[in-house]
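First comes the structure, then the notes that go with it.
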Amino acid sequence: MKEFTIPLMRKYERPVIKLYNLPTLIDTGAVIPVFSILPAIFEKYFDTKLILKDGSISGFGGDERGSVYSIENFKIGDLIFKDFEVFVPHEPRLKIPFLLSATLFYGMEYTFDTVNGNFIVRMADEQKCERDFKIKELRGKLYPQIDGILIQDVDSFLVDWYLF
């Protein structure tokens, strides 16, 4: 089993790490990573490509409109996302600039060690540290795709109730 550790920023009540010198929330309930910074600033500091100009996501904070960008070689600890797609709201409102979704760690074990202040990620020895994360739009809704596996929630499937 391989593992890497990233220190938690202790001044936050939630699991926040420092990534690219900015506070980054690990949101275990999120499925799409969100970078809540102005697109002009985002484009200045990262090698980006616009993938989708206008899309929407929804969550406990309501609906949010924004764009999807691709970043090359984005690093989270020992993980390298060769093709990393993120949602950037048209009007950033989050207090923490980066929000990483649980789907980024699909197929891995992760732990928040609040006693020692660490975020620990474990993966099988044969698992690659290079990954791809894409955001696919299907029927007007955005879904995560990790290493070619499209992740959908139960609500996204159509069921023929007359079969029951």
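Within straight cross-link reach of K134, meaning Cα distance under 30 Å, which lysines are found once same-chain residues fewer than 8 apart are removed?
K2, K18, K44, K49, K53, K75, K82, K95
Can you pull the percent of the chain's accessible area that's carbon plus sulfur, 1.4 Å probe, other chains left in place?
After summing per-atom areas, the C and S share lands at 52 percent.
Could you state the accessible area per residue of region 1-51 in Å², with a 1.4 Å probe and every protein chain left in place?
Per-residue accessible area for region 1-51 comes out at 65 Å².
Around C129, under 13 Å between beta carbons, what's the net of Lys plus Arg minus Asp minus Glu among the other residues?
-1
Can you give the relative contact order of the chain as a percent, counting alpha carbon pairs under 8 Å and 6+ residues apart?
27 percent
Highest mean first, how do 38-45, 139-146, 100-107 rank when packing is the count of other Cβ atoms within 10 Å averaged over residues?
Top of the packing list down: 100-107, 139-146, 38-45.
At q = 0.12, 0.17 Å⁻¹, what log₁₀ I(q)/I(0) does a Debye calculation on the Cα points of the chain give, no solvent, two decimals?
-0.55, -1.08
Net charge within 11 Å of T114 by Cβ-Cβ distance, Lys/Arg positive one each and Asp/Glu negative one each, not counting T114 itself?
0
Just grab the label-to-label distance for L94 and D125, each label 7 Å out from Cα along the Cβ direction, in nm (one decimal).
Between L94 and D125, the label points sit 3.6 nm apart.
Once the cut-off is 18 Å, how many percent of the Cα-Cα pairs in region 5-81 end up in the long-distance tail?
50 percent
Rounded to the nearest 0.05, what FRET efficiency do T28 and L50 have when you use their Cβ-Cβ distance and R0 = 25 Å?
Efficiency at R0 = 25 Å is approximately 0.30.
Which aspartates and glutamates, if any, have their Cα less than 19 Å from the Cα of K11, not counting same-chain residues under 8 positions apart?
Here the aspartates and glutamates satisfying the reach criterion relative to K11 are D27, D113.
Of all DSSP beta bridges located in the chain, what percent are antiparallel, nearest 5?
Close to 85 percent.
If you take the beta carbon distance between Q152 and M1 as r and set R0 to 25 Å, what does 1/(1 + (r/R0)^6) give as a FRET efficiency, to the nearest 0.05?
Calculated transfer efficiency: 0.30.
The values are calculated or read from the model by the stated rules, or taken from the named source; none is laboratory data. Source: prediction; values computed, not measured. Positions of Cβ are backbone-derived with ideal geometry, glycine not excepted, and every protein chain shown enters the neighbour counts. Just so you know, the surface numbers come from the protein's heavy atoms only, side chains and all, with ligands and any DNA or RNA stripped out. Shrake-Rupley method; radii C 1.70, N 1.55, O 1.52, S 1.80 Å.
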